[in-house]
Amino acid sequence: MKKLYRILLLIILISVANANAGVICLNPGIAGFEPAAKRAKSLLTSPTNQFKSAKLYIEKDIDGDFYYHSNYISRDQTNATKIAGFSEINDVDLAMQNIAFPGRKATDIKQVELDEFMQNYKDVEIILDQSVFNSKGETNLKFRDYSNVSYSRRDDPPPAPTLVYNRGNNTKKLLARTEKCCIYSEVATPQKQIMKKLQMKSYKPKETKLMSLIIDSSTEKAIKKSNIKGISVELDNNILSNLEKEMVQMKGQTLVVLGHVERDSYVIRNAMGNEIASVEINKLRELSNKHKVQLIDIGCNTAALPSSQSNSIGVAARFNSLHAVELLIKSHNSSKNYAEFLHNISSKNMPIVIDTKIFDHVDVKVKLFSKRSWSNMVKKPVGTVSLTLGGSITETAMTNYGNQEVVLVNPREQDEKSPLQRALERMVRED
Amino acid sequence: MGLEIDSLPINELVAILNELDTSKKSNIKNKFPELGDEIDPGVWAGENVCIENGEIILTKARFASEVLGIAILHSKEALKIISSKIQRANKIRLLGQIGAVVGSSGTILAMGFGKETVAQVSAVLALFGSISSILSAHTEKTISTKTGNINEVYLNLSGQLQEAIFLRNNINAHIQYKSGTTELVNLISMSNELCRKINKNTLQVPQLWHKISEIEEYKNEILMAEGK
């Protein structure tokens with residue numbers, strides 16, 4: 001196996017050495033890549049000659065090639081290895097080999113060095129710059145099986161921890177952590193803005209219903225004991241039409257769906273393991289959009305499904321249904337807004353993934369107050385408007401209302417200052 | 001090589017096990033380390049297609065046999081509780097009916113009491129009849145009225161007890177004589193389905209779970225249930 005690896009390494013090194021456009025640099029820096037090197041140095045720790053302590057920063061240059069900047073100083077060298085301009089190197093494995101053994105022939109590499117490399121290279125911390133991904137959060141960089149990956153936005157250091165999850169079609173996707181443990185979103189998403197949106201949307205237990213598509217006595221018992229309102233629909237192939245009747249009366253409310261996912265559908269199996277019904281997740285999402293119901297999909301890898309509407313909340317892992325219900329009950333009873341709700345419902349075993357356009361279709365009714373009467377807030381509103389939480393909230397609020405000297409207050413929770421109210425207060429004060 | 005099957009759930013068997021007290025539960029769990037997280041209550045929401053090798057199927061069969069033993073005991077205890085409830089309800093109903101019949105039969109009038117007294121006693125007896133009818137109905141009621149009354153639960157559970165004994169004997173025989181895994185897969189699936197029904201019915205008898213947790217040696221009881 002190791003011999004095979006040596007041969008492979010030799011072929012790789014030769015092929016890279018033959019390429020003309022790129023450079024494997026052992027000098028202090030590469031001309032033209034100074035800004036990239038500066039960004040890399042700000043995120044990497046001090047140089048090391050221990051491969052197990054190595055870190056690797058990656059960004060994409062204007063030609064579409066990847067720039068690799070490590071803090072690893074290889075044998076007999078004084079500077080850390082850097083790689084630029086190789087269109088061939090879009091695989092982190094290949095970059096790692098060239099960082100560890102720059103310019104060396106495979107026959108010169110000692111077995112002990114190779115062993116150390118093989119033992120540690122998958123644990124090397126990789127920091128991916130935002131340029132590695134396109135606006136959809138996709139990339140052609142291959143970084144399969146690396147567990148210690150983080151994502152860096154240039155305007156938002158330090159890098160956020162990430163999660164790589166399987167999309168179910170043999171491709172993997174990188175998600176950036178939006179908040180503490182364990183809420184994630186696509187890397188191209190402005191994380192702060194998403195959290196703001198979640199904080200602005202109040203969580204109302206009375207306006208949240210649960211539909212369980214799981215046939216399991218332990219799970220059912222836990223749900224029965226809880227105070228979460230349930231939707232009981234016949235678990236047959238008419239689920240969608242039955243559910244639509246319920247959704248008509250749920251406009252503006254939240255529906256949590258707990259189910260077992262196979263491929264792109266919720267599949268309902270009886271106790272013998274036989275499939276008795278299924279619901280396509282995207283059809284369920286379309287239905288919820290049609291009736292303006294916020295859907296929270298608690299199903300294995302629901303986050304992996306591409307959604308045309310892209311405003312869902314899903315899970316990026318396989319999880320236990322009873323564990324999910326326990327977390328849901330805890331969140332249901334102790335959350336004031338959706339940031340809290342999702343924070344409470346997520347765990348290392350149940351990472352939650354939120355889509356970029358989450359709550360974009362949800363309208364929040366707000367009252368307008370004159371800025372002059374700020375000290376006597378909520379006394380006499382000058383009007384009421386419906387504010388859609390879509391796009392950039394700050395921009396929307398400022399563009400439409402900022403110049404009119406108004407303060408926006410959520411009328412439903414005037415007495416206890418809702419997160420929406422607080423967020424809007426902050427916006428006005430900043431203004 | 002493994003047997004490729006869509007799924008071989010044991011979640012309902014686990015749900016029965018989960019009603020035992022912590023030490024007994026962990027004793028049984030420790031016997032089946034090969035089952036990993038499948039022995040946790042709830043179901044794992046993920047792709048179900050899996051390769052079950054012969055060893056895992058055999059472990060699941062041994063687990064099913066063990067849990068069916070507990071289910072047999074649960075059902076027996078539930079039937080005892082239900083039976084006494086039915087008897088109590090019948091007694092209340094009988095007394096009420098006697099009272100109502102006496103109250104409306106004119107017997108009191110024949111005894112020579114005054115008209116007013118007769119009217120009062122008759123009214124009280126009629127009221128007693130109505131109340132007893134309500135009380136007996138209440139005694140027969142289960143937790144969830146959707147799943148029927150206690151008589152239905154009794155009938156269902158009696159059948160399920162026999163089915164559990166039959167399945168357990170069958171599984172044990174297949175394990176002992178090392179017959180094909182396909183038969184075991186069917187028996188495990190049927191056991192899981194049966195345990196769901198037993199769970200549903202025994203859930204109607206909340207006193208049961210407390211009683212079961214007090215029992216130290218359930219194995220002897222199981223053997224008795226099987227007539228050994």
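The values are calculated or read from the model by the stated rules, or taken from the named source; none is laboratory data. The model shown is predicted, which means the values in this text are computed figures rather than measured ones. Cβ coordinates were reconstructed from backbone atoms using ideal geometry, including for glycine residues, and neighbour counts include every protein chain displayed. We work out accessible area using only protein heavy atoms, side chains counted, and drop any ligands, DNA or RNA first. Shrake-Rupley method; radii C 1.70, N 1.55, O 1.52, S 1.80 Å.
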>> Among the listed residues B:Ile171, B:Ile150, B:Ile165, B:Ile188, identify the single one that is modelled with pLDDT of 90 or more, open to solvent by less than 80 Å² (accessible area, probe 1.4 Å) and touching an Asp or Glu at 6+ places or on another chain (Cβ under 6 Å).
In response: B:Ile165
> What is the residue count in the range A:260-274 for residues that are more than 21 Å from the chain's Cα centre (by Cα), within 8 Å of chain B (Cβ to nearest Cβ) and of a type outside the set (S, T, N, Q)?
Replying inline: 7
>> Looking at A:Lys245, A:Lys201 in this structure, which one is crowded, with 19+ Cβ neighbours inside 10 Å and of a type in the set (Lys, Arg)?
In response: A:Lys201
>> Checking A:Glu207 against (1) within 14 Å of chain B (Cβ to nearest Cβ); (2) touching a strand residue (DSSP E or B) at 6+ places or on another chain (Cβ under 7 Å), only one condition comes out false. Which one?
In response: (1)
> Of all the residues that make up the range A:54-88, how many are over 20 Å from A:Ser131 (Cβ atoms) and open to solvent by 30 Å² or more (accessible area, probe 1.4 Å)?
Replying inline: 6
>> Condition first: modelled with pLDDT under 80 and farther than 19 Å from B:Asp40 by Cβ. Can you find one or more residues in the range A:333-340 that meet it?
In response: no
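Scan the range A:232-241 and give yes if some residue there is within 14 Å of chain B (Cβ to nearest Cβ) and either farther than 22 Å from A:Glu326 by Cα or at pLDDT 85 or above (or both), otherwise no. Let's see the steps before the verdict.
Within the range A:232-241, the subset within 14 Å of chain B (Cβ to nearest Cβ) is A:232, A:234-235.
Those left that are additionally either farther than 22 Å from A:Glu326 by Cα or at pLDDT 85 or above (or both): A:234-235.
Yes: one or more hits.
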> If you go through the range B:19-57, how many residues are in a loop (DSSP other than H, G, I, E, B), within 19 Å of A:Ala222 (Cα to Cα) and at pLDDT 85 or above?
Replying inline: 4
>> I'm trying to understand the selection: among the residues of the range A:249-259, which are within 14 Å of chain B (Cβ to nearest Cβ) and aliphatic (A, V, I, L, M)?
In response: A:Val256, A:Val257, A:Leu258
> Is the range A:220-227 home to any residue that is in contact (Cβ under 8 Å) with a residue 60 or more places away in the chain, within 12 Å of another protein chain (Cβ to nearest Cβ) and either among the aromatic types (Phe, Trp, Tyr) or touching an Asp or Glu at 6+ places or on another chain (Cβ under 7 Å) (or both)?
Replying inline: yes
> Of all residues in the range B:1-17, which are modelled with pLDDT under 85 and either within 13 Å of chain A (Cβ to nearest Cβ) or touching a strand residue (DSSP E or B) at 6+ places or on another chain (Cβ under 8 Å) (or both)?
Replying inline: B:Gly2, B:Leu3, B:Glu4, B:Ile5, B:Asp6, B:Ser7
>> Return the residues of the range A:24-40 that are open to solvent by 20 Å² or more (accessible area, probe 1.4 Å), in contact with a strand residue (DSSP E or B) (Cβ under 8 Å, 6 or more places away or on another chain) and not in a loop (DSSP other than H, G, I, E, B); say none if nothing qualifies.
In response: A:Ile24, A:Arg39
>> Return the residues of the range B:25-47 that are open to solvent by less than 40 Å² (accessible area, probe 1.4 Å) and out of contact with any helix residue (DSSP H, G or I) (no Cβ under 8 Å at 6 or more places or on another chain); say none if nothing qualifies.
In response: B:Gly46
